[in-house]
1. What FRET efficiency do you get for Ala329 and Met269 if R0 is 22 Å and r is their Cβ-Cβ distance, rounded to the nearest 0.05?
2. Taking all pairs of distinct Cα atoms, average 1/r, flip it, and tell me the Kirkwood hydrodynamic radius of segment 80-150 in Å to one decimal place.
3. Taking amide H positions as placed 1.01 Å from N in the peptide plane, with prolines and chain starts having none, which residues 5 or more places from Phe220, or on another chain, fall under 5 Å of its amide H?
4. Suppose a student asked you for the relative contact order of segment 175-259, using Cα pairs under 8 Å spaced at least 6 residues apart; what percent would you report?
5. Within 10 Å of each candidate Cβ there may be at most 16 other Cβ atoms; applying that plus a DSSP loop requirement, which trypsin sites (Lys or Arg not before Pro) in segment 18-88 survive?
6. Net charge around Lys118, counting only other residues with Cβ within less than 12 Å of its Cβ (Lys, Arg = +1; Asp, Glu = -1)?
7. If I model a spin label at Glu56 and Thr153 as a point 7 Å from the Cα along the Cα→Cβ vector, what separation in nanometres do I get?
8. I want the antiparallel fraction of DSSP beta bridges within the chain, as a percent rounded to 5.
Amino acid sequence: MLKIGLIGKPNAGKSTLFSAITSIDVDIANYPFTTIKPNVGVSFIKDKCPEDEINEKCNPREGKCINGIRYIPVEIIDVPGLIEGASEGKGMGNEFLDNIRDADIIINLFDASGLTDKEGNASENKHNPVEDLTFVNNEILKWIHSKISKDWTKFARKEDNSSERMELKMLKKAATFGLNEKDMFLIISKEKFPDKLINWSDETINNFCSSIIKYVKPIFNVGNKSDLINSEDKKNIENTIGKTYFISAEYELIIEKAYKNGYITSDTMDFEYKEKSGPEQKKILNEIKNKFINGEIMGFYDVLTGIIKSLGYIVVYPVLDEAKWTDKAGNVLPDALLLKDGDNALDLAYKIHTDIGENFIRAINGRTKRVIGKDYKLLNNDVIKIISNSR
Ligand SMILES: Nc1nc2c(ncn2[C@@H]2O[C@H](COP(=O)(O)OP(=O)(O)OP(=O)(O)O)[C@@H](O)[C@H]2O)c(=O)[nH]1
Ligand SMILES: [Mg+2]
């Protein structure tokens, strides 16, 4: 499952967001270091389900499908707050960061209202929220750097004596971040690095670490507490850091709770009121709904889906029966898997199971019913049957 790490300064609203999008109750409070152990849960990204093409209702094994929109599960990790010096272990930062070592995507949630000070205490004095997201991004880079540069001379001397390819040498350093050979090849081919590792300067190592973030482990800045700011504040932030997602975890949690407690019909913005909800609730919920509908505040599901699509992820549906699009038990479109643009049929086979990848024979495209080989480039929404020797 795709792993998404939520990081940020203490009190930024990470646990509030986590709770809203995973429906798991966790500690939330207006003081720093409320979270001391990471919370792990499942949320979803949305994509159009191909079920209507065969006039059947799908039976997702994980996630759900509502009105033809498939909810594809992703793992969310809510990390305790980070303070300056986190990468050197301040405030247990090092330990906290280790929780997102193998995350595929990092979300730097910052308090866009600027009403929490450096340590995360609520404050009356508004400061520039961009400072918060900059220091957190720097700590991430420094944390990666500290791990890659550890015992560099010893490592470089040893590896320079071997004839192994550069990406395999560097993989020994970067595997701890969940990177694989393909990721390393991408980094090494995109940037220029000296052939001899002993010649890598601290700056070269830093460039390598930046490339990990740039190509493999992207960080997205998301502004929280947008219910407390106006369009001028937003403009100021965007003038410094460019296009930004503005959300309100508080609002999302209110909607989620109203749904859970039976006041509204859905936890999405097209909810209707149930009998139980009185004028008080309707007033608050209406105000929130309007802010989402007029685009003042973005819904996090849409933000997440946008992020994942912008990174070139595609959704592919593996099936056993290419005619009925079912598994062995007759479930229609049971699995929706996230792959990367450029992945092929063999990558899909490995994603299902190493054994299926290793024993791959051929595949069949569920739409065209044509036989396809291992090099077939997958498209978004493909329905594929893999034939292998393994079963
Ligand atoms: N107005 C407003 N308040 C919010 C929002 N999100 C969170 N809060 C409040 O901010 C405070 C901190 O929220 P938490 O979710 O505990 O923050 P955190 O980032 O997990 O904090 P740590 O666990 O200490 O790192 C709480 O009082 C929340 O109710 C929001 O979108 N708008
Ligand atoms: Mg928290």
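Values in this text are rule-based calculations from the coordinates and carry no lab data. None of these values were measured; they are calculated from a predicted model. We place every Cβ from the backbone using ideal geometry, glycine too, and count neighbours over all the protein chains shown.
1. So, using R0 = 22 Å, E works out to roughly 0.05.
2. 12.8 Å
3. It is Ile106, Ile107, Asn108, by chain and number.
4. On the way: 39 pairs, mean separation 21.1, N = 85.
The value is 25 percent.
5. The qualifying sites are Lys57, Arg61.
6. Details: positive: Lys9, Lys90; negative: Glu84, Asp111, Asp117, Glu119, Glu131, Asp132.
Taking every Cβ under 12 Å from that of Lys118, the sum is -4.
7. With each label placed 7 Å out from Cα toward Cβ, I get 6.5 nm.
8. Beta bridges within the chain, antiparallel portion: roughly 60 percent.
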